[in-house]
Amino acid sequence: MTEEHKPGSMDITEQEKTFAGFMTTVKWTVIAIIALLVFLAIFRT
């Protein structure tokens, strides 16, 4: 039969790497958007 799942026993290394990459992408996207908004505000385009 199947084994019972024990909480905390699953290897989540790949999920952690994926989440870290996602957060890095979000961070740099937000920085780029803020820089673009500042540029537009300075030069009023």
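Among the residues making up the chain, those that are at pLDDT below 95 and basic (Lys, Arg) are Lys6, Arg44.
Yes/no matrix, rows are residues, columns are (1) among the basic types (Lys, Arg); (2) assigned to a loop (DSSP other than H, G, I, E, B); (3) in contact (Cβ under 8 Å) with a residue 24 or more places away in the chain; (4) surrounded by 10 or more Cβ atoms within 10 Å (Cβ to Cβ):
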position: Glu4; (1), (2), (3), (4): no, yes, no, no
position: Gly8; (1), (2), (3), (4): no, yes, no, no
position: Glu14; (1), (2), (3), (4): no, no, no, no
position: Phe19; (1), (2), (3), (4): no, no, no, yes
position: Thr24; (1), (2), (3), (4): no, no, no, yes
position: Val30; (1), (2), (3), (4): no, no, no, yes
position: Ile33; (1), (2), (3), (4): no, no, no, yes
position: Leu40; (1), (2), (3), (4): no, no, no, yes
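The values are calculated or read from the model by the stated rules, or taken from the named source; none is laboratory data. Not measured: the values here are computed from a predicted model. Positions of Cβ are generated from backbone atoms using ideal geometry, with glycine treated the same way; all protein chains shown enter the neighbour counts.
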